[in-house]
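Below: the structure, in structure tokens.
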Amino acid sequence: MKLSTKRIIIALSIGAGVTAIGVTVWLLGNEPKDTLDKGNPKQTASPTAAASPETTPLPAPSPTLPAEKTEFQKKSSKITSNLNFLEFSSFRNRNSIGYTLVQQNEMGVYEVDISKEGTMGTPKLITKEPVEAGTKGFYNISSGNALDNILSISDFGGKKSIVLHDAALSESKTIYSDPENTLVGRAVFNQLDNRIVYARLNRNASQSMVEIVSNDLDLKDQRIVYQIPAKGDVEDMLTWMDLTEDGSKLLICFRDEGTRNPVLQILDLNTKNTEKLTDSGRFILSARWSKDGSKIVYSELEGDGAANIYLYNLNEKTEIQITTGKGKNLYPDWSYFEDKILYLSEENGVMSLYMTDYQ
């Protein structure tokens with residue numbers, strides 16, 4: 001599958017009179033050490049039954065080709081806040097985001113409303129825990145197709161687990177414990193069928209494997225849906241995952257063995273087939289599905305050290321460049337409002353939260 005037949009650049013101009021946000025972010029930690037600042041956003045229950053491998057080798061997807069570029073103009077607006085974000089994820093069923101931050105040696109998970117005009121409401125605390133130096137706390141959060149929940153991986157005291165934070169009840173619970181610390185990459189939650197998808201390292205096989213596991217929380221049933229041989233820095237192999245609204249397809253970024261660049265693919269959880277969206281010459285940092293699954297917004301690291309945001313239309317096979325320039329524009333996500341995208345942008349060492357039109 002070719003990524004696009006037409007590539008469009010939308011150059012952003014920042015609207016005058018918008019108040020600065022003052023948001024300092026610790027990045028997620030899967031960026032190259034020589035280009036991006038690494039993040040340090042570094043509960044237990046009985047583990048569920050181990051899944052048995054039932055996968056077959058997947059055909060190698062075809063690489064993509066470069067695309068043409070055409071220029072357009074758009075505006076973005078900075079959202080006012082004094083919050084020290086670590087990371088954020090946008091809810092799909094209401095105009096709010098879930099986010100994490102550290103205050104006075106405690107890491108908290110919060111929810112806050114954001115209007116269509118870009119104003120921010122009063123933050124609501126869901127949970128917080130003491131965090132010590134050298135631990136990640138709550139990280140890799142995802143609220144994508146969850147109605148009232150934010151999913152995160154937690155690392156307090158060196159023990160990893162998957163935690164579900166209920167925004168409506170302001171409580172959190174561990175839904176998968178990982179005493180052997182095999183969790184790698186991200187975990188995502190599909191509230192429609194009460195299922196989580198996560199990645200782990202299986203060291204027990206003759207060849208160590210990174211496994212993507214689908215876990216039905218109602219049936220307490222796990223199945224392995226994808227495997228890849230583990231090589232090099234295993235924690236760094238699977239850099240991103242995101243699930244469609246109906247839970248049928250997964251966006252995944254696996255590092256290419258040669259270039260070490262994360263390659264963006266679509267994994268069909270029903271057929272086990274993959275589609276490759278980018279080749280190993282591009283460095284994809286993060287990606288999110290649109291609500292209807294017809295578009296993907298993602299951040300790409302470019303050769304000059306800049307990071308910019310693109311939108312890919314799966315139906316039209318076109319790619320639109322949302323941001324330009326030499327700054328770092330990172331971790332885009334769809335807002336509740338269908339025509340707007342939220343993202344983080346670095347300015348003079350400070351990360352700010354932006355909202356932009358894309359249509």
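List the residues whose amide H sits under 5 Å from the amide H of K295, counting only those 5 or more places along or on another chain, with H placed 1.01 Å from N in the peptide plane.
Under 5 Å from the amide H of K295 lie the amide H atoms of S290, L314, each far enough along the sequence or on another chain.
Can you give me the distance in nm between label points at N315 and D193, each placed 7 Å from the Cα along the Cα-to-Cβ direction?
Placing both labels 7 Å along Cα→Cβ, they lie 2.4 nm apart.
Please report the net charge: other residues with Cβ closer than 15 Å to the Cβ of K291, K and R +1, D and E -1.
On the way: positive: R92, R94, K249, R288, K295, K340; negative: D242, E245, D246, D292, D333, E338, D339.
Result for the neighbourhood of K291: -1.
Indicate the gyration tensor shape class of segment 172-265 (rounded, prolate or oblate), computed on the Cα atoms with a ≥ b ≥ c the square roots of the eigenvalues: a/c under 1.5 is rounded; otherwise a/b larger than b/c is prolate and the rest oblate.
Working: a/c = 2.05, a/b = 1.38, b/c = 1.48.
It comes out oblate by the Cα gyration axes.
Enumerate the calculated ³J(HN,Hα) couplings along segment 118-130 in order (Karplus 6.51 cos²θ - 1.76 cosθ + 1.60, θ = phi - 60°), each rounded to whole Hz, writing x wherever the residue is Gly or Pro.
Whole-Hz 3J(HN,Hα) from phi for segment 118-130: x, 8, 10, x, 8, x, 10, 6, 9, 7, 8, 9, x.
Bear in mind that the values in this text are calculations on the coordinates, not laboratory data. Note that the coordinates shown come from a computational prediction; the quantities given were computed from them, not determined experimentally. Ideal geometry is used to build each Cβ from the backbone, glycine not excepted, and the neighbour counts take in all protein chains shown.
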